[in-house]
Protein chains: 2
Amino acid sequence: MAKPKTAITPTRDENYPEWYQQVVRRADLAEPSPVRGCMIIKPWGCSLWENMRGVLDGMFKATGHKNAYFPLFIPKRFLEKEAEHVDGFAKECAVVTHHRLEAGPDGTLVPAGELEEPLVVRPTSETIIGEAFSRWIESYRDLPMLINQWANVVRWEMRTRLFLRTSEFLWQEGHTAHATADEAMAHTHKMLGVYAEFAETFMAMPVLTGSKTAGERFPGAIETLCIEAMMQDRKALQAGTSHFLGQNFAKAQDITYQSDAGQLEHCWTTSWGVSTRLIGAMIMCHADDDGLMCPPRLAPAHVVILPIEGKSDNPEQIHNYCRKLADDLRVLPYHGRHLEVEVDDRDLRGGEKNWQWVRRGVPIRLEVGPRDMEGDSVFMARRDKSPKDKASLPRAEFLSTVTDILDDMQSGMFERAVAFRESHTRVIDDAAEFREWFASPAGEPTPPHAGFAMTHFCGDVAVEEQIADELGVTVRCIPFGDDEPGTCPFSGKPSAKRVVWAKSY
Amino acid sequence: MAKPKTAITPTRDENYPEWYQQVVRRADLAEPSPVRGCMIIKPWGCSLWENMRGVLDGMFKATGHKNAYFPLFIPKRFLEKEAEHVDGFAKECAVVTHHRLEAGPDGTLVPAGELEEPLVVRPTSETIIGEAFSRWIESYRDLPMLINQWANVVRWEMRTRLFLRTSEFLWQEGHTAHATADEAMAHTHKMLGVYAEFAETFMAMPVLTGSKTAGERFPGAIETLCIEAMMQDRKALQAGTSHFLGQNFAKAQDITYQSDAGQLEHCWTTSWGVSTRLIGAMIMCHADDDGLMCPPRLAPAHVVILPIEGKSDNPEQIHNYCRKLADDLRVLPYHGRHLEVEVDDRDLRGGEKNWQWVRRGVPIRLEVGPRDMEGDSVFMARRDKSPKDKASLPRAEFLSTVTDILDDMQSGMFERAVAFRESHTRVIDDAAEFREWFASPAGEPTPPHAGFAMTHFCGDVAVEEQIADELGVTVRCIPFGDDEPGTCPFSGKPSAKRVVWAKSY
């Protein structure tokens, strides 16, 4: 097979996991660090996260939340309070046991000053924020308490992958307390709705919304809701979760309020989070064999301008033309901000520069050489078309249509991802068909994966576990919305609605 | 003495350190946490930090820096590389030695999974960022490398005080690498200039800029520059530092580049940072006995509107009038953003609400009752005037002058702080006068402090130490700029210029 010329090798088809790592590296998003399991988020990746953070933060504030910041460390006894929670999070965490390094006998440093009580680097902050809530909330007038935190968290991971699973990652965690179960549950749904809107409108990534089965719930939660997206290898990726915690944490941590009637009641709490994992999701949803493709509404730069000096007598004139063009673009409004523009006048070969921006996924690239300048035009390439598909456009026309082009790209990316998911989702009513669909061809333990299967399901944990063992497939979510009742193809028992099965990250 | 009615007790005069703690608590900025030395930054304090972060981030980007994110953990061997640095930072730090908690014999959790190499929670990131620079920088074309990180850091502190000195704090740390010493030194100065501009223009806090004496330098730095501000107890507070690291870290970490001429050279590096300590500085510069006073350009809210229902037949009408007023204010541009407005319609007594916003330091409070609504006017109080000094203003006049009022408040706060510093700064040429000025009156080991003394100084470390031991006073900075040479009043030796002495935080 003749290998196509692509910016990323191997291609998705050749080796999907390795393709992913190469996109992350070659798009300059992140790299492994010398600290086991921790990544370095490079400037391009950091800008993407800042843009995500900015949009989400605005959505959280618009829904009444305030940001606060809680300690990095959690005393060991806090984790011990909620039984399921401790099982879920005490297992693999970073434990601080000393508060000093001293010169040892051989001149190297050794830990000293042992702490009376070990501290855990927060894997999530329910326990430490719950302690604050127990002090902050006195009466029904203090409810609902709606708090969000942007922070780093640590979960010691044995097998890591940049953005998707790292020991340290950046995230936000919302924590709320309410007077009633209904209100808390409604809030759990509202915040999942915020995540779904963010994923679809900003990331151009279609998601299924639903609830998790018991085995996949957050430790200590009564109900975990999630958004699930299909990646280009047809596996599912959980992109965000919203948990209804009932009164579990409120009882373990004594979060109470005095009701209107003067009674002391336990609060009902929720928590919800998304993380830098979203960048991994964006890559696996939209990147291609030339690298990343940024959804315009989150792109760190919308347009990059590449001055091509060519055989010009007056290269400075070209650079001025480019800078002026950039200034004219930067004042154009685009969904509440302005266009971000880079002028790349580094002393590098034009082709090398061009491919760098292709790999980084900038939506629009403009080449400007002597002839373009003379004709008052630009030579445009769109990241969602072939790299060779370039067109000359009058400068004025480009300026008047550039935001439409970006919107077209944004909606095109979304539609393509929807079509991809639909073409790899199958409604299945027969256990044999299900097994056949998910079984890997002989000798191919890795992709191709089948996709999403929608089947009826009785809800029996043993059935789910057996399928997971046999095929490596789990229930990703029980989608919201109405459905016809039916029969579980695995147990023959009745089923209220269809669920979504898939291999997953 | 009849105690004046103030929102904060004790007053500054009665007990300055306790007054400070009370302002922090009563303005809802932060509180101690159950984790030793770590604070909880509450929503009002968090908003202040977000505003500071937003402005500074823009200034860093405008000077060519990009944000990146590096691991929270630093391998022990990294700290061991730079000898002075290890002395400065290994002493009190959080050491991670295990990666798991397991159920112990008595059912509690015990640390398990000992790490081969202990990890330190970053006290600062020169070593881990230096490692990345050593890989990222190859040739002179990669220079200057201008990186900034927003992060949490941990330095185990024995005696802590909210915002001023906590074991965990939030900060930014800039790290840059350059081809020449001159360029790196110029950059060190440039970033100190950014800090000074931020302090004076946004925090309304006048600062002295200069360099530190050898004893006060950052561990591993060749030169440490600083901004120093006078607090209301006349002590100095170091509000930001910018370090010229020479080639110390570049040599310890092998940060090299190939020069234009093809030679392998070591880079010259800088680092610089400001932290949540700035919030402490803002409080101690501007707060009074009624609580915080926010500089308008950093205020989380510029205007709070308090609907006063009074004996109105139609309270809903008043609330509507207030909401409409808020909407009209929110579209007004104010220094690159728009006015932030709160409408406080909580079911609380008016006086209680009013004092809450006084303590939080919102620049302008508006009371709107039935009579104001009928007269289409507002009843305004400015935070920089007495709480009783309120005035009725036609609504239209208020809308057309509100941003001028805020600017007037911002410049008034700055001018008052400058006048305060000047009135407590003395040029001294005589050692006896110096001693007398700084000696505490008998039985008063705490304030009043004298202020800043400007004296000639020979630079002898032994002289500086002796004065520190005797009077608790140190050289806060050697100010930039020209000065007449003179004679050191302590040693009689020649001195190139005057330095600034003060008690300090």
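Worth a mention:
- Where trypsin sites (Lys or Arg not before Pro) fall in DSSP loop in the range A:158-194, at most 15 other Cβ within 10 Å: A:159
- Plainly put, the tip 7 Å out from Cα toward Cβ on residue B:345 is 5.4 nm from that tip on each other copy, the closest given first.
- Given charges at Cβ of Lys, Arg, Asp, Glu: the range A:34-90 dipole, positive-most of A:88, A:46, A:70: A:46
- Of the chymotrypsin sites (Phe, Trp or Tyr not before Pro) found in the range B:354-427, not one falls in a DSSP loop while having at most 15 other beta-carbon atoms within 10 Å.
- Close amide-amide hydrogen proximity is noted between residue B:100 and A:93, A:95, B:112, each under 5 Å apart and 5 or more residues distant or on a separate chain (H modeled in the peptide plane; Pro and chain starts excluded).
- Copy-to-copy label separations for residue B:415, where each label sits 7 Å from Cα toward Cβ, in nm and ascending: 6.2
- Sorted into 20 angstrom bins from 0, the C-alpha pair distances of the protein assembly as shown split as 11, 39, 37, 11, 1 percent.
- Rounded to the nearest 20 debye, the dipole magnitude of the range A:301-407 is 420 debye, with +1 charges on Lys and Arg beta carbons, -1 on Asp and Glu beta carbons, and the Cα centre as origin.
- In order along the range B:490-498, phi translates into HN-Hα couplings of 8, 10, x, 7, x, 9, 6, 6, 6 Hz, rounded to whole numbers, per the Karplus curve 6.51 cos²θ - 1.76 cosθ + 1.60 with θ = phi - 60° and x for Gly and Pro.
- Across chain B, Cα-Cα distances exceeding 36 Å account for 41% of all pairs.
- This model, with +1 at the C-beta of Lys and Arg and -1 at the C-beta of Asp and Glu, gives the protein assembly as shown a dipole about its Cα centre of some 300 debye.
- Residue A:288 long-range amide H proximity, modeled H, under 5 Å: A:293
- What you get for chain B, charging only the Cβ of Lys and Arg (+1) and of Asp and Glu (-1), is a dipole of about 840 debye around the Cα centre.
- Using θ = phi - 60° in the Karplus curve 6.51 cos²θ - 1.76 cosθ + 1.60, the 3J(HN,Hα) couplings for the range A:233-247 round to 8, 6, 7, 8, 10, 6, 9, x, 9, 9, 10, 8, 9, x, 10 Hz; x is entered for Gly and Pro.
- Gyration tensor over the Cα atoms of the range B:298-406: the corresponding equivalent ellipsoid has semi-axes (square roots of 5 times the eigenvalues, largest first) of 20, 16, 13 Å.
- DSSP-loop trypsin sites (Lys or Arg not before Pro) across the range B:332-425, with at most 16 other Cβ within 10 angstrom: B:346, B:349, B:385, B:388
- Per-residue ellipticity at 222 nm, computed for the protein assembly as shown from helices alone with -39500 (n - 2.57) per DSSP H run of at least four residues, works out to -10000 deg cm²/dmol.
Laboratory data are not the source of any read-out in this text; all were calculated from the coordinates shown. Note that the coordinates shown come from a computational prediction; the quantities given were computed from them, not determined experimentally. Note that each Cβ is placed from the backbone with ideal geometry, even for glycine, and that neighbours are counted across all protein chains shown.
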